Ligand code: ATP
């Protein structure tokens, strides 16, 4: 993270093929963002243009950030990402000014996707004001989004939250986060696709992605990634002892899966 809490500008080298499942979400993003950018004349003839924001919500670790980065990859746009808490914590007293600077940086680097994580921290009705935004920051955010401050041509705003019900309704008006998409936990078919993607480029022998998908009910994409990360670490430790690659087996993956608690169920229980 940079000194000002901002990670910088990225040109993501990934696209929708790098994401398992999420077909309905991909299709909505294509219609709202990708097709209007690629066929501006056609969309204009129907009175539609690219713009407005998309808010993604759902349990943690299910790909909200990943699909936002992949959207930038699909349209070859720059990607700028920041958590609302970073703006609140690191820019104490300067939040409005720095939010403006961030929007300006994104405008200067258009076409760009500006991604805000933890958008629920912009809730106006939170009791803990230290952790939520004040009215001035919210108003500044809305003005920036509306393009009142400067033109937002070529700028797309994506947001993610685990708790959309905390968000000020003003954010959902047309031209703002006017499309709200649920990013669900991956179903069995999506888990199979994610497992296949995660296994790519790793020495996995005789992967049975279907069977692993069946045994990982309620696992998020991040939980599945944790299985592979742990299996890779264990295999690497062995490989270093033996001085050669030790293939990761289906059994290794299943053993690790048993030690990982699936995380999506808790979100549904608390939601
Ligand atoms: P949070 O709410 O905690 O910010 P998130 O929904 O933004 O979570 P991501 O950060 O996008 O989740 O996902 C975490 C990681 O899990 C990704 O970097 C990726 O490795 C893996 N992952 C999640 N979903 C998928 C998917 N559909 N396909 C492939 N990998 C996935």
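None of the figures in this text is laboratory data; all of them are computed from the coordinates on show. What you see is a predicted model; the values in this text were computed from it and never measured. Cβ placement follows ideal geometry from the backbone for every residue including glycine, while neighbour counts extend to all protein chains displayed.
Over all pairs of different C-alpha atoms, the chain has a mean inverse distance whose reciprocal, the Kirkwood radius, equals 20.1 Å.
To the nearest ten degrees, helix 135-146 and the longest principal axis of the Cα atoms of the chain are 90 degrees apart. Taking every DSSP beta bridge that has both ends in the chain, the antiparallel portion is near 10%. Legend: ranking of residues 107, 69, 191, 44 from fewest to most surrounding C-beta atoms inside 10 Å; resulting order 44, 107, 69, 191.
Cβ crowding within 10 Å ranks 57, 46, 35 as 46, 35, 57, fewest other Cβ atoms first. Going from the fewest other Cβ atoms within 10 Å to the most, the residues 220, 259 appear in the order 259, 220. Applying the Kirkwood pairwise sum to the alpha-carbon positions of region 167-239 produces a hydrodynamic radius of 14.5 angstrom. Size descriptors for region 207-271: radius of gyration and Dmax over Cα atoms are 13.8, 49 Å. With a simple spin-label model that places each label point 7 Å from the Cα along the Cα-to-Cβ direction, the separation between residue 187 and residue 165 comes to 2.5 nm.
Once the Cβ-Cβ distance of residue 233 and residue 76 is raised to the sixth power relative to R0 = 35 Å, the FRET efficiency obtained is 0.55.
Would you calculate, for the chain, the mean residue ellipticity at 222 nm contributed by helices, counting each DSSP H stretch of 4 or more residues as -39,500 (n - 2.57) and dividing by all residues, to the nearest 500?
On the way: 12 runs with 117 residues, N = 271.
So the helix-based figure for the chain works out to -12500 deg cm²/dmol.
Compared with the dominant principal axis of the Cα atoms in the chain, helix 221-242 is inclined by about 40°. Angle between the Cα long axis of helix 188-199 and the longest principal axis of the chain, 0 to 90 degrees, nearest 10? Computed tilt is about 80 degrees.
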